[in-house]
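The structure that follows is given in the form of structure tokens.
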Amino acid sequence: MVDVDAERFTVGVFQDAAWARKGLSALKAAGIPAEALSIIAKESPEAQSLLQETLGAPGDRLETAATGPIVAKGPLVPALQGSARDLGALGLAGTMRRVGFQPHDGRIFEALTARGGVLVAIRSEPLAADALAILLSYGGGNAAIGAWTGRV
């Protein structure tokens with residue numbers, strides 16, 4: 001059984017780094033600090049550039065079974081890794097439950113990321129509705145607030 005983290009994240013997947021850059025700029029303009037942001041994307045020069053520009057550091061490279069090599073940074077990453085550090089083995093589909101999403105949500109996030117999408121997550125429960133509205137306004141597909149943890 002997958003262990004569950006109590007943190008809440010708002011998550012959306014942008015079609016590429018250019019769209020993600022616009023959404024991330026809007027999130028920052030709304031007062032969401034860089035420390036609350038996470039980015040997960042297939043490994044590419046554009047993704048590394050986005051991570052460096054947005055979070056001030058390159059992303060950590062992880063090999064995942066379903067998506068291949070990804071770059072990731074932010075508070076979502078350790079929450080998904082868990083104590084077994086198994087994001088690589090279980091992928092997004094197997095670990096998004098830890099932060100309040102149903103398994104089918106994880107499969108959708110994983111499929112979109114595998115196609116070149118950029119997953120953006122915000123850890124900020126007081127501003128979750130604002131973050132969700134910004135993600136949706138700027139093209140963040142399948143945007144949702146993780147809400148199922150401990151409630152089912």
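Throughout, read-outs are computed from the coordinates displayed, never taken from laboratory work. Quick caveat: nothing in here was measured; it's all calculated off a predicted structure. Heads up, the Cβs are rebuilt from the backbone with ideal geometry, glycines too, and the neighbour counts pull from every protein chain shown.
Using the Karplus equation 6.51 cos²θ - 1.76 cosθ + 1.60 (θ = phi - 60°), what ³J(HN,Hα) coupling, rounded to whole Hz, does each residue of region 32-41 give in order, writing x for Gly and Pro?
After applying 6.51 cos²θ - 1.76 cosθ + 1.60, I find 7, x, 4, 5, 8, 9, 10, 9, 10, 8 Hz.
In terms of modelled amide H atoms, which long-range or inter-chain residues lie less than 5 Å from the amide H of A143?
Counting only residues 5 or more places away or on other chains, the set is V13.
Here is a follow-up. With each run of n ≥ 4 DSSP H residues scored as -39500 (n - 2.57), what mean residue ellipticity at 222 nm is computed for the chain after dividing by its residue count and rounding to the nearest 500 deg cm²/dmol? Intermediate values should be presented prior to the final figure.
On the way: 6 runs with 61 residues, N = 152.
That comes out to -12000 deg cm²/dmol.
Which residues' amide hydrogens lie under 5 Å from the amide hydrogen of D86, considering only partners 5 or more residues apart or on another chain, with H built in the peptide plane?
none
In whole Hz, with x marking every Gly and Pro, tabulate ³J(HN,Hα) for region 67-74 from phi via Karplus 6.51 cos²θ - 1.76 cosθ + 1.60, θ = phi - 60°.
9, x, x, 10, 10, 8, 7, x
What are the trypsin sites (Lys or Arg not before Pro) within region 86-152 that DSSP puts in a loop, where the Cβ has at most 11 other Cβ atoms within 10 Å? All intermediate terms of the calculation are to be shown ahead of the outcome.
Numbers: sites: R97, R98, R107, R115, R123, R151; in loops: R115, R123, R151.
Here the trypsin sites (Lys or Arg not before Pro) that fit, given the DSSP loop and packing criteria, are R151.
OK, next. Using just the Cα positions, wrap region 1-72 in a convex hull and report its mean projected area in square nanometres, one decimal place.
Working: hull surface 23.1 nm².
That works out to 5.8 nm², a quarter of the Cα hull's surface.
Could I ask something else about it? What nm value, rounded to one decimal, do you get for the distance between E35 and A65 when each label is placed 7 Å out toward the C-beta?
Between E35 and A65, the simple spin-label model gives 3.6 nm.
Go through region 90-96 residue by residue and turn each phi into a ³J(HN,Hα) via Karplus (6.51, -1.76, 1.60, θ = phi - 60°); whole Hz please, and just put x for glycine and proline.
Residue by residue, region 90-96 yields 8, x, 5, 4, x, 10, 5 Hz.
Moving on. Based on alpha-carbon atoms only, what is the radius of gyration of the chain relative to the globular estimate 2.2 N^0.38 Å? Spell out each step's value before the answer.
On the way: Rg = 13.6 Å, N = 152, 2.2 N^0.38 = 14.8 Å.
Relative to the 2.2 N^0.38 Å estimate, the chain comes out at 0.92.
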